[in-house]
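Everything on this sheet refers to the single structure shown next.
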Amino acid sequence: MHKAVFNKVSVIGLGYIGLPTAAVIASRGIEVIGVDVSQHAVDTINQGKIHIVEPDLDMLVQSAVTTGKLRATIEPESADVFMIAVPTPFTDGHKPDVSYIEAAVKKIAPVLKKGNLVILESTSPVGTTEKMSQWMSEIRADLKFPHQLGEQADIQVAHCPERVLPGYIIQELVSNDRVIGGLTPYCAEKAKALYEIFVKANCIITDARTAEMAKLTENSFRDVNIAFANELSIICDKLNINVWELIKLANRHPRVNILKPGPGVGGHCIAVDPWFIVDSAPEEARLIRTARDVNDSKPEFVLNKLKQVAEEFKHPKIALLGLAFKADIDDLRESPAVGIAQKVIQEALGEVFIVEPHITELPAKLQADNVSLVSLAESLEKVNIIVTLTDHTVFKQVKPSVLQEKIIIDARGIWEQD
Ligand code: SAJ
């Protein structure tokens, strides 16, 4: 039955979420039109290649393009379903910026037809799905939208937040439960029918506001828990206690499961989404805001530790291990490690040897005299201070004997945990 309804799906925004989603749906034999504002992204995809890094995505896109099921374009065209997967960053004052959603929706509005389903996948502040319905209605007065006519609307609108973990996107797109919030129950049911084509786990329906809040809650929950671990690490430093041993011991309790401290929280999600809750309920979201502050203060803490240590040396030679925002990926976006490296360079704390096995060239902001991108082996040979900033597996494999004689600031606890 679904094939009759969803012959053609359009995915707006071909980034880390949109492209994998488009390719997975195309792999189920449905025609998919990907739309993006970047000509480079469109051209790359139409050649069967990818412009982002994610395991197994290249093969999936290549096969979808070769079989003619996936095609990318700059201008939207008519389809049965439109899935919006564009970024929702925040502005300087931690205010959510939904302008990419507004632009995407206004771009598809002219090609909408009665019976279409529009799904918002981007993580969004509560109320955005309803706003989307309003934006479309401003352009298409000839169509009725759910905020105007409820179940009798011509267009169905739903929110189904993505919840996949970078590095495991293809797998999690299929295996994660999906929360699907409709502006009406029929909107949710219709969206559920689409997701059931490729999701093997449960598709659970609710209203759009609850779905919006569910996604923000998941990432805030993680942020608050990481903040707890980070605060513990700062307290333990003051009290001269090994935080890694402490956490290991506390986690032996059957109902305690403390996460890992680190040099801060990076990526595009965990450090952003809690602010959407704070913005909606500034007086009430006290714990969520404080967690953000604790996590955002952690890079400065690591930097100060390094300063204290570097002062002891005439010629400090510092290895910074890892730039990616988390283990075993090449993604440097919003990485606390990059921020720390920048400060180390700006403040001229010493000669800097950066080790990031997943890149071949340092980002422009880290290129300077006295800074080089080197192999792990070379750094271990040359430096007297080591700071661990990312817990890449290769770093964990370093033999303890090699680390003797070095001053170590193990912000990731990679050599302390076992
Ligand atoms: N981190 C720690 N200590 C920990 C765990 C993580 O310091 O114990 C740090 C990481 O190093 C990284 C940051 O937190 O800098 C975020 O990493 P992450 O692995 O927690 O999450 P993301 O940003 O890669 O993906 C999250 C996921 N959300 C949850 O796990 C609740 C993912 O499922 C979401 O789909 C994604 O955000 C998103 O797109 O919203």
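The values are calculated or read from the model by the stated rules, or taken from the named source; none is laboratory data. Keep in mind that this is a model prediction, so the values were computed, not measured. Glycine gets a Cβ as well: all are built from the backbone with ideal geometry, and neighbour counts include every protein chain shown.
When Asn251 is tested against (1) more than 30 Å from Thr360 (Cα to Cα); (2) among the polar types (S, T, N, Q); (3) away from the ligand (no atom under 13 Å from the Cβ), exactly one condition is not met: (3). Filtering segment 144-165 to residues that are within 16 Å of the ligand (Cβ to nearest atom) and surrounded by 21 or more Cβ atoms within 10 Å (Cβ to Cβ) leaves His159, Cys160, Pro161, Glu162.
Can you tell which of Ile25, Ile45 is in a helix (DSSP H, G or I), touching a strand residue (DSSP E or B) at 6+ places or on another chain (Cβ under 6 Å) and touching a residue at least 60 places away in the same chain (Cβ under 8 Å)?
Working: Ile45 fails: touching a residue at least 60 places away in the same chain (Cβ under 8 Å).
Answer to the check: Ile25.
For segment 180-193, the set of residues classified as touching a Leu at 6+ places or on another chain (Cβ under 7 Å) and of a type in the set (A, V, I, L, M) consists of Ala191 only. Being in contact (Cβ under 8 Å) with a residue 12 or more places away in the chain, under 28 Å from the mean Cα position of the chain (by Cα) and crowded, with 18+ Cβ neighbours inside 10 Å holds for only one residue in Leu349, Leu380, Leu376, and it is Leu376. Checking each residue in segment 116-143 for being within 16 Å of the ligand (Cβ to nearest atom) and more than 27 Å from the chain's Cα centre (by Cα) picks out no residue at all. Based on what the data block shows, is Ile45 surrounded by 15 or more Cβ atoms within 10 Å (Cβ to Cβ), more than 16 Å from the ligand (Cβ to nearest atom), within 20 Å of Ala191 (Cβ to Cβ) and in the same structural domain as Pro76 (by TED's automatic domain parsing)? Spelling it out, it is not the case that Ile45 is surrounded by 15 or more Cβ atoms within 10 Å (Cβ to Cβ), more than 16 Å from the ligand (Cβ to nearest atom), within 20 Å of Ala191 (Cβ to Cβ) and in the same structural domain as Pro76 (by TED's automatic domain parsing). In summary, Gly322 fulfils each of the numbered conditions (1) away from the ligand (no atom under 12 Å from the Cβ); (2) touching a helix residue (DSSP H, G or I) at 6+ places or on another chain (Cβ under 7 Å); (3) of a type in the set (Gly, Ala, Ser) with the single exception of condition (1). In segment 213-251, what residues are in contact (Cβ under 8 Å) with a residue 24 or more places away in the chain, farther than 17 Å from Lys298 by Cβ and surrounded by fewer than 18 Cβ atoms within 10 Å (Cβ to Cβ)? Answer for segment 213-251, where residues must be in contact (Cβ under 8 Å) with a residue 24 or more places away in the chain, farther than 17 Å from Lys298 by Cβ and surrounded by fewer than 18 Cβ atoms within 10 Å (Cβ to Cβ): Ala214, Thr217, Glu218, Asn242, Glu245, Lys248. Screening the candidates Ser335, Ser297 for the property of being surrounded by fewer than 17 Cβ atoms within 10 Å (Cβ to Cβ) and of a type in the set (Ser, Thr, Tyr) yields one hit, Ser297. All conditions in (1) at pLDDT 95 or above; (2) closer than 30 Å to Gly29 by Cβ; (3) of a type in the set (A, V, I, L, M) hold for Ile52, with the sole exception of (1). Of the numbered criteria (1) without any contact (Cβ under 8 Å) to a residue 40 or more places away in the chain; (2) more than 26 Å from the chain's Cα centre (by Cα), the one Thr210 fails is (2). Cβ-Cβ distances below 8 Å connect the following pairs, each with a first residue in segment 73-95 that is assigned by TED's automatic domain parsing to the domain that holds Lys113 and surrounded by fewer than 18 Cβ atoms within 10 Å (Cβ to Cβ), a second residue that is of a type in the set (S, T, N, Q) and not in a loop (DSSP other than H, G, I, E, B), and a separation of six or more residues or different chains: Ile74/Gln39; Glu77/Ser10. On inspection, Ala281 passes the criterion of being surrounded by fewer than 22 Cβ atoms within 10 Å (Cβ to Cβ), more than 15 Å from the ligand (Cβ to nearest atom) and not assigned by TED's automatic domain parsing to the domain that holds Asn370.
Scanning segment 1-42 for residues that are buried (at least 20 other Cβ atoms within 10 Å of the Cβ) and charged (D, E, K, R) gives a single hit, Asp36.
Of everything in segment 103-143 that's of a type in the set (S, T, N, Q) and in a loop (DSSP other than H, G, I, E, B), which residue is surrounded by the fewest Cβ atoms within 10 Å (Cβ to Cβ)? First the steps, then the outcome.
If we filter segment 103-143 for residues that are of a type in the set (S, T, N, Q), which is where we start, we get 116, 122-124, 128-129, 133-134, 137.
Those left that are additionally in a loop (DSSP other than H, G, I, E, B): 116, 122-124.
Values: Asn116: 21, Ser122: 25, Thr123: 24, Ser124: 25.
Within segment 103-143, the match that is surrounded by the fewest Cβ atoms within 10 Å (Cβ to Cβ) is Asn116.
Going through segment 119-144 one residue at a time, which ones are touching a residue at least 40 places away in the same chain (Cβ under 8 Å) and either touching a His at 6+ places or on another chain (Cβ under 6 Å) or under 17 Å from Glu75 (Cβ atoms) (or both)?
Of the residues in segment 119-144, the ones touching a residue at least 40 places away in the same chain (Cβ under 8 Å) are 119-130, 132-133.
Of everything in segment 119-144, those that are touching a residue at least 40 places away in the same chain (Cβ under 8 Å) and either touching a His at 6+ places or on another chain (Cβ under 6 Å) or under 17 Å from Glu75 (Cβ atoms) (or both) turn out to be Leu120, Thr129, Glu130, Ser133.
Among the conditions (1) away from the ligand (no atom under 16 Å from the Cβ); (2) at pLDDT 95 or above; (3) not acidic (Asp, Glu), Pro400 misses just one, which is (2).
State whether one or more residues within segment 194-216 are assigned to a helix (DSSP H, G or I), among the small types (Gly, Ala, Ser), at pLDDT 95 or above and within 16 Å of the ligand (Cβ to nearest atom). Yes, segment 194-216 has at least one match. Cβ-Cβ distances below 8 Å connect the following pairs, each with a first residue in segment 256-270 that is farther than 9 Å from Glu334 by Cβ and more than 6 Å from the ligand (Cβ to nearest atom), a second residue that is among the acidic types (Asp, Glu) and not in a loop (DSSP other than H, G, I, E, B), and a separation of six or more residues or different chains: Gly264/Asp296.
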